[in-house]
Amino acid sequence: MIHCIFCKIASGAIPCTKVWENKKYLAFLDINPITPGHTLLIPKKHHDYIFDMNDEEYNELMGIAKKLSVKIKKSMNSKKIGMMVEGFLVHHTHIHLIPLQKAGDLNTENAKKESPERLTVIAEKIKAGEI
Ligand SMILES: [Zn+2]
């Protein structure tokens, strides 16, 4: 998809603060995190609606979300990782993985721009964890 920002991120045409990737999937930090460590997990192949993905790809994506949640939770020292899927702003499947300390932390009104320097520090912390 030529005009899709996440396709451009997946191809490397637009930079991101990467925390993990393999051949088919990529995880990077949201530039407007709800809480520090807020990560986006995407398939590199363009899909709009997550529930239109075939079972194999959907299950792979969810399996990676689970593994990543362990890594993010540990490195961000959070109580839980919340998960959110919406997809109206960017029409390329993405799962938000958001470190939570308490009920109510999963609130998009708390999203605010983070500096690239701070994002890099957080990404390094998450990358250092095992998956
Ligand atoms: Zn796309």
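The values are calculated or read from the model by the stated rules, or taken from the named source; none is laboratory data. What you see is a predicted model, and the numbers here were worked out from it, not measured in a lab. Methodologically, a virtual Cβ is constructed for each residue, glycine included, from the backbone with ideal geometry; neighbour enumeration extends over all protein chains shown.
Of the set (1) in contact with a strand residue (DSSP E or B) (Cβ under 6 Å, 6 or more places away or on another chain); (2) crowded, with 20+ Cβ neighbours inside 10 Å; (3) over 21 Å from ALA123 (Cβ atoms), all apply to VAL85 but (2).
Yes or no, residue by residue, for (1) loosely packed, with under 15 Cβ neighbours inside 10 Å; (2) within 13 Å of the ligand (Cβ to nearest atom):
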{"position": "VAL19", "(1), (2)": "no, no"}
{"position": "TYR49", "(1), (2)": "yes, yes"}
{"position": "MET76", "(1), (2)": "no, no"}
{"position": "LEU89", "(1), (2)": "yes, yes"}
{"position": "THR93", "(1), (2)": "no, yes"}
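Quick check: is even one residue across segment 44-64 in contact with a Ser or Thr (Cβ under 6 Å, 6 or more places away or on another chain) and at pLDDT 95 or above? Spell out how you get there, then give the answer.
Initial filter on segment 44-64 (in contact with a Ser or Thr (Cβ under 6 Å, 6 or more places away or on another chain)): 47, 50.
Next, from what is left, pick out any that are at pLDDT 95 or above: 50.
Yes: one or more hits.
Looking only at segment 52-61, decide whether some residue is touching a Leu at 6+ places or on another chain (Cβ under 6 Å) and either within 16 Å of the ligand (Cβ to nearest atom) or touching a residue at least 60 places away in the same chain (Cβ under 8 Å) (or both). No.
Of ILE42, ILE5, all but one fail to be touching a helix residue (DSSP H, G or I) at 6+ places or on another chain (Cβ under 7 Å), of a type in the set (A, V, I, L, M, F, W, C) and within 11 Å of the ligand (Cβ to nearest atom); the exception is ILE42.
Scanning segment 65-110 for residues that are free of Cβ contacts under 8 Å to residues at least 40 places away in the same chain, under 11 Å from the mean Cα position of the chain (by Cα) and not in a strand (DSSP E or B) yields a total of 3.
Just name the residue that is nearest to TYR49 (Cα to Cα) out of those in segment 95-104 that are surrounded by 17 or more Cβ atoms within 10 Å (Cβ to Cβ) and among the hydrophobic types (A, V, I, L, M, F, W, C). It would help to see each step written out before you state the result.
Keep residues of segment 95-104 that are surrounded by 17 or more Cβ atoms within 10 Å (Cβ to Cβ), which gives 95-100.
Among the residues that remain, those that are also among the hydrophobic types (A, V, I, L, M, F, W, C) are: 95, 97-98, 100.
Details: ILE95: 11, LEU97: 17, ILE98: 20, LEU100: 25 Å.
It comes out as ILE95.
Can you work out which of the residues in segment 112-131 that are in a loop (DSSP other than H, G, I, E, B) and under 22 Å from LYS71 (Cβ atoms) is modelled with the highest pLDDT? The residue in question is GLU114.
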